[in-house]
Amino acid sequence: MKRVSLGRTGFPVGVIGFGGIPIQRLQETDGVALIKEAAAQGINFIDSARGYGTSEAIIGKGIQGNREHWVLATKSTAKDYETMKQDVEISLKNLQTDVIDLYQFHLVRSKEQYDTIMGENGAYRALLEAKEAGKIRAIGITSHTLSVLEMAVETDYFDTIQFPYNAVERQAEGVFQRARERSIGVIVMKPLAGGALTVGNLALRFILENPNVSVVIPGMDHLDQVAENARIAAAEPLTLQERQALKEITDQLGMTFCRRCGYCLPCPQEIDIPTQFLIDGYFTRYNLQGWAKERYAALPKKASDCVQCGACEKRCPYDLPIRTMLQGVTANLG
């Protein structure tokens, strides 16, 4: 598999990596077998998170005896020093390793959260200390909010960024280019737009055509997916016919698909509208109903709190029927 340097980290990563969200729904033995097959297919970058249920623990067992093969990444939503310090230790234990190659801030949503992380008692200090102690090798940041990464890439604090990118969600292309100019690695999540893009071969090849992308991490939960995704890494560029087929699909999604740009916010009822659709996508497309319901239940405001004022729809650049879509979330998640 073609390998590139993950930005300034120097880690040689295969351009197709392993996204660790769906593995949590597998039995441990099946998950371990999946990871071993990924290694056999040349995949060497694997990404998990503290919030992905049993994902870290399964990965920890799957990489045993072959740790040197893997560039191992995980992440935490912790914002303060003490919680992040604890999370690093939990991740090390779960992953059964002495060092994690890349530890990332998970889903930083706003400048306020960013400022908290970077403050005196913020989580960044914990990761910096972990790096100095040899427990992690590099520090990254992930977000669904473009403005957060626009700030991050202009600093020297982060070795990598991670953001959704696919044939529908292309708003980060400028940030990706800037990241490459500053030797920051670019990790692409949601390559199939949360399952909305059903033509995986075309969707992944579209992403790999972008020279600013270091590695794309589709989630995998079947052996045949591992083999197919590994083959895509060596596939030819999209033909004109394939490009047109992909465009037709993205055009259809444009009427009802949230790109999580955040222009609909703030909601007068303080509903985090993009997050409602994000979690609903896990429920409807990823077969993670239990996990999605747990995260939805923890939200301070839910889709059911919508009073149908329509303020969000006036601000949406894609003219989405947000009120109707929120009703759909309520029907699925309560």
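The values are calculated or read from the model by the stated rules, or taken from the named source; none is laboratory data. Keep in mind that what you see is a predicted model, and the values were worked out from it rather than measured. We place every Cβ from the backbone using ideal geometry, glycine too, and count neighbours over all the protein chains shown.
Quick notes on this one:
- Criterion violated by MET84 - all others in (1) closer than 21 Å to THR9 by Cβ; (2) surrounded by fewer than 17 Cβ atoms within 10 Å (Cβ to Cβ); (3) not aromatic (Phe, Trp, Tyr) satisfied: (2)
- In this structure, ARG25 does not qualify as assigned by TED's automatic domain parsing to the domain that holds GLY140, under 27 Å from TYR296 (Cα atoms) and touching a His at 6+ places or on another chain (Cβ under 9 Å).
- For ALA227: the one exception among (1) farther than 20 Å from ALA73 by Cβ; (2) in a strand (DSSP E or B): (2)
- Failed item in (1) in a helix (DSSP H, G or I); (2) within 25 Å of GLY20 (Cα to Cα); (3) outside the structural domain of LEU72 (by TED's automatic domain parsing), with LEU246 passing the rest: (2)
- Of the candidates GLY134, GLY185, the single residue that is in the same structural domain as THR83 (by TED's automatic domain parsing), small (Gly, Ala, Ser) and surrounded by fewer than 23 Cβ atoms within 10 Å (Cβ to Cβ) is GLY134.
- Count of region 67-101 residues, restricted to those that are under 23 Å from ASN44 (Cβ atoms) and β-branched (Val, Ile, Thr), is 6.
- Residue in region 165-177 that is under 18 Å from LEU6 (Cα atoms), in contact with a helix residue (DSSP H, G or I) (Cβ under 9 Å, 6 or more places away or on another chain), buried (at least 17 other Cβ atoms within 10 Å of the Cβ) and of a type in the set (S, T, N, Q) present: no
- GLU37 vs. criteria of a type outside the set (A, V, I, L, M, F, W, C), farther than 23 Å from ALA78 by Cβ and at pLDDT 95 or above: yes
- Looking only at residues in region 269-324 that are touching a Phe, Trp or Tyr at 6+ places or on another chain (Cβ under 6 Å) and assigned to a helix (DSSP H, G or I), the one that is surrounded by the most Cβ atoms within 10 Å (Cβ to Cβ) is ILE279.
- Residues (closer than 22 Å to ASP115 by Cα, of a type in the set (S, T, N, Q) and at pLDDT 95 or above) located in region 146-188: THR155, THR160, GLN162
- Which listed residue, of ASP30, ASP47, is within 28 Å of ARG180 (Cβ to Cβ), in the same structural domain as LEU128 (by TED's automatic domain parsing) and among the charged types (D, E, K, R): ASP47
- Residue match in region 215-237 (condition: polar (S, T, N, Q) and either touching an Asp or Glu at 6+ places or on another chain (Cβ under 8 Å) or not assigned by TED's automatic domain parsing to the domain that holds VAL15 (or both)): no
- Verdict on GLN252 being at pLDDT 95 or above and not assigned by TED's automatic domain parsing to the domain that holds PHE158: no
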